[in-house]
Amino acid sequence: MGIINDNKYSHRIVTKTAKLSGLDGSVLKNTEVVVQQTRHKFLFGCAQFDAIPYVNNEFKGEEKERAEQRFDKFIDLFNYATLPFYWAFYESVKGQPMIKETKKAAEWLVSNGLLLKGHTLCWHTITAPWLLDMTNEEILMAQMKRINRDVSEFEGLIDIWDAINEVVIMPVFDKYDNGITRICKELGRIKLVSKVFSEAKKANPSATLLINDFNTSESYAILLEGLIEAGVPIDAIGIQSHMHQGYWGVEKTLEVLERFSRFNLPLHFTENTLVSGQLIPPEIEDLNDYQVKEWPSTVAGEDRQAREVISHYKTLLANPKVESITWWDFADGAWLGAPSGFITVDNRVKPAYDELHKLIKGEWWLKPTKYMTNENGEITISGFFGDYEVSCQGKRIGFTFDSSNDTVKLKI
């Protein structure tokens, strides 16, 4: 593929002149070169919780082999991964966080070309049970200490964080008692969010911090208005789209995009799910209440999932505010036991994976393409924002495509 021409994604595509010369400054005129893309700027991501047990040798035998096969497919498709920092698991015993194990997994993922996000620094669900033994003042202090410790500890490895999760419901959450709801109820949403972001920015001033929520109604938008007015340094708005009860459809997706685009902040679709089996009945309000013994993937469901995945990704990519899409999860049987993955429990690749791969690494990707430089050593290249590589006469050099209009000057 050479020149990419798609008006729907024109905000993500650039056409540039690249001028090539030798290391001695001589113009490489009338010379054949090969250009190929090596990375998207857009973040095509997925939750990746298995990296921690895999890298720390907790998988054995067939389980390890299955994990290796999955990672091959994962790394071939995605450039972005979300690692878990659920406080209840990450620091089940006070003062004994899983820093070493998580950092080992993070380093391995980065070495395989993945940008990382941590999920999440503050959440009322799956939070440390030992907080309940503390006063509200002590809980808040422990929460701030936790944020500072983990954001500082992982700086350079993880510089993107879901700073706080599901704040709309946080102070009125009544499924069970927990320390975070207690302090949110006392402080109020805006004050708690402000403290969380302030502490995270103090620990890593260059970090990208998200607020993240499954509530896509005006309630979330009103909260965001209050936070922005209060000066909370939100870097991106996280939007969950768990569609276990059926695909939103283009119309609803566009409504959500319009609602949150008005804040003029980047939008990250942080948790995207479409199942390839039976849908959760519409009368179920809390998806966690849907409990079934088996939830199989079906042939018809996989065909439906593939169509809906492609529609969802194309709709989101067409909006200039959207910077990332993270799938949840890669393999079936994770959250809720749902058939929501791109591969089945026995590692069979579903149509959704293949169809998405055709887009990310096909239609939206510049494969190795031959060009001939002109008398001035120039070639014209069109491609999606991201990283590229040019090779000539056995030599290679990388360069980046961004929104600037500058000529790319390459010495090779």
> On the given criteria, is Ala300 more than 22 Å from the chain's Cα centre (by Cα), open to solvent by 30 Å² or more (accessible area, probe 1.4 Å), more than 30 Å from Ala230 (Cβ to Cβ) and of a type in the set (Gly, Ala, Ser)?
Replying inline: yes
>> Only one of Gln69, Gln37 is closer than 30 Å to Asn374 by Cβ and touching a residue at least 24 places away in the same chain (Cβ under 8 Å). Can you tell me which?
In response: Gln37
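Give the range 294-340 a look and list any residue that's in a helix (DSSP H, G or I), farther than 18 Å from Ala47 by Cβ and touching a residue at least 60 places away in the same chain (Cβ under 8 Å), or say none. Outline the logic, then answer.
Residues of the range 294-340 in a helix (DSSP H, G or I): 299-317, 335-337.
This time we only want the ones that are farther than 18 Å from Ala47 by Cβ, so: 299-304, 306-308, 310-311, 314-315, 317.
Scanning the range 294-340 gives Glu308, Ser311, Lys314, Thr315, Leu317.
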>> Take Lys202 and tell me if it is within 24 Å of Tyr90 (Cα to Cα) and either under 25 Å from the mean Cα position of the chain (by Cα) or among the hydrophobic types (A, V, I, L, M, F, W, C) (or both).
In response: yes
>> Cβ-Cβ under 8 Å, sequence separation 6+ or interchain: first residue in the range 81-103 and touching a residue at least 40 places away in the same chain (Cβ under 8 Å) and closer than 22 Å to Leu115 by Cα, partner open to solvent by 30 Å² or more (accessible area, probe 1.4 Å) and outside any loop (DSSP other than H, G, I, E, B). Which pairs?
In response: Met98/Phe89; Ile99/Glu153; Lys103/Glu153
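Find the helices (runs of 4 or more DSSP H) located wholly in the range 23-109 whose residues include 1 or more that are at pLDDT 95 or above and out of contact with any helix residue (DSSP H, G or I) (no Cβ under 9 Å at 6 or more places or on another chain), and list them. Can you show your working first?
On the way: elements: 51-55, 61-77, 87-90.
In the range 23-109, the matching helices (runs of 4 or more DSSP H) lie at 61-77, 87-90.
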>> Can you list the helices (runs of 4 or more DSSP H) lying wholly within the range 144-242 that have 1 or more residues being surrounded by 15 or more Cβ atoms within 10 Å (Cβ to Cβ) and touching a His at 6+ places or on another chain (Cβ under 7 Å)?
In response: 179-187
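Quick check on the range 316-335. Is at least one of its residues on the phi > 0 side of the Ramachandran plot and not aromatic (Phe, Trp, Tyr)? Working first, answer last.
So the first thing to find is which residues in the range 316-335 are on the phi > 0 side of the Ramachandran plot, and the list is 333.
Going one step further and asking which of them are not aromatic (Phe, Trp, Tyr), we end up with 333.
Checked the range 316-335: at least one residue is on the phi > 0 side of the Ramachandran plot and not aromatic (Phe, Trp, Tyr).
The values are calculated or read from the model by the stated rules, or taken from the named source; none is laboratory data. This structure is a prediction, so every number in the text was calculated from the model and none was measured. Virtual Cβ from ideal backbone geometry, glycine too; neighbours counted across all protein chains shown. Ligands, DNA and RNA are excluded from the accessible area calculation, which covers all protein heavy atoms including side chains. Shrake-Rupley method; radii C 1.70, N 1.55, O 1.52, S 1.80 Å.
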